[in-house]
Amino acid sequence: MIDYDHGDIVFHCDGPSCGEFIETRTSNFESAQNMLHRAHWKPRKVVVEWRHFCPDCQAAGELPMGRRA
């Protein structure tokens, strides 16, 4: 999930019962997305919605099947 905190982009992990998030401290989506990738998070498009998964949820096999970004 993508959220905003005072205009800055915050990514929240969409894994079940996961509370991980990344505060990007930027409002620029490309910069925020680069930070997400450097932190080894994985985006997945599930039907029509993009979801984001932290490394712990990836290791637990909690990524849904979908198109890879």
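The values are calculated or read from the model by the stated rules, or taken from the named source; none is laboratory data. Treat the numbers as computed from the prediction; the structure is a model and nothing was measured. Note that each Cβ is placed from the backbone with ideal geometry, even for glycine, and that neighbours are counted across all protein chains shown. Surface accessibility is based on the protein's heavy atoms, side chains included, excluding ligands, DNA and RNA. Shrake-Rupley method; radii C 1.70, N 1.55, O 1.52, S 1.80 Å.
Restricting attention to the range 1-31, the residues that are under 23 Å from Ala59 (Cβ atoms) and either open to solvent by less than 70 Å² (accessible area, probe 1.4 Å) or modelled with pLDDT of 95 or more (or both) total 14. When the residues of the range 44-57 are filtered to those that are of a type outside the set (Lys, Arg) and crowded, with 16+ Cβ neighbours inside 10 Å, the one that is farthest from Phe21 (Cα to Cα) is Cys57. Of everything in the range 34-43 that is open to solvent by 50 Å² or more (accessible area, probe 1.4 Å) and in contact with a Phe, Trp or Tyr (Cβ under 9 Å, 6 or more places away or on another chain), the residue that is farthest from Ala60 (Cα to Cα) is Met35. Among the residues making up the range 32-51, those that are at pLDDT 95 or above and not aliphatic (A, V, I, L, M) are Gln33, Asn34, His37, Arg38, His40, Trp41.
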